[in-house]
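First comes the structure, then the notes that go with it.
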Amino acid sequence: MGRRIVAVVGLVAVLLGIATAGVSAATAEAPVVKEPFTPLPCRHNSTTLGEEGCAEKSILASDTQIDTLNARIFKRLNAAGRRDFIAGHNAWFKYRQVYCLSESDIYQGGTEAGIVQAQCAADVNAAHVGQLKNFLSSLPRG
């Protein structure tokens with residue numbers, strides 16, 4: 001029940017426009033994902049920090065895909081579309097942070113929390129890459 005409440009509160013904050021990911025609507029450039037972590041080394045099946053580092057590596061790889069797709073989409077949008085796209089990006093990023101934090105709350109204070117949160121972010125990013133690809137394919141070329 002607690003995770004659901006946190007996710008709902010996060011969604012409400014997003015809908016109210018409280019969320020930001022460091023990109024303002026006045027920016028003339030496509031939004032870029034800026035992660036709040038310094039990546040750990042990836043060491044599979046070693047330590048929890050090594051596993052978290054592997055999930056972070058996956059996050060950063062999908063961030064690159066997201067940034068590339070964002071730039072391609074942004075080029076095809078008019079001014080209003082760009083403002084809305086930036087707002088959507090900021091809302092998505094804040095949602096990802098809050099949602100994944102709620103997933104890791106069950107492990108709060110334990111070593112597993114960081115792995116769960118990072119793997120969740122990697123999963124949400126992967127889904128977002130698919131959404132952006134669909135959005136890009138729906139836009140007229142020009």
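All of the numbers you see were taken from the coordinates with simple rules; none came from a lab. Quantities reported herein were computed from a predicted structural model and do not represent experimental measurements. Don't worry about glycine lacking a Cβ; one is built from the backbone with ideal geometry, like all the others, and counts go over all protein chains shown.
Listing for the model above:
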read-out: Whichever residue in the stretch 44-55 is in contact (Cβ under 8 Å) with a residue 60 or more places away in the chain and over 18 Å from the mean Cα position of the chain (by Cα) and, among such residues, is nearest to F135 (Cα to Cα); value: E51
read-out: Breaking point among (1) part of a helix (DSSP H, G or I); (2) in contact (Cβ under 8 Å) with a residue 24 or more places away in the chain, for A30; value: (1)
read-out: Members of the stretch 56-65 that are surrounded by fewer than 22 Cβ atoms within 10 Å (Cβ to Cβ) and touching a residue at least 60 places away in the same chain (Cβ under 8 Å); value: S58, S62, D63, Q65
read-out: Of the criteria (1) closer than 30 Å to A28 by Cβ; (2) in contact with a Leu (Cβ under 8 Å, 6 or more places away or on another chain); (3) crowded, with 17+ Cβ neighbours inside 10 Å, which one A121 fails; value: (2)
read-out: Positions within the stretch 98-142 being free of Cβ contacts under 8 Å to residues at least 12 places away in the same chain and under 23 Å from T64 (Cβ atoms), in sequence order; value: D123, A127, G130, Q131, N134, S137, S138
read-out: Candidate set: the stretch 80-136, residues that are under 14 Å from E35 (Cα atoms) and among the small types (G, A, S); chosen: the one farthest from the chain's Cα centre (by Cα); value: A118
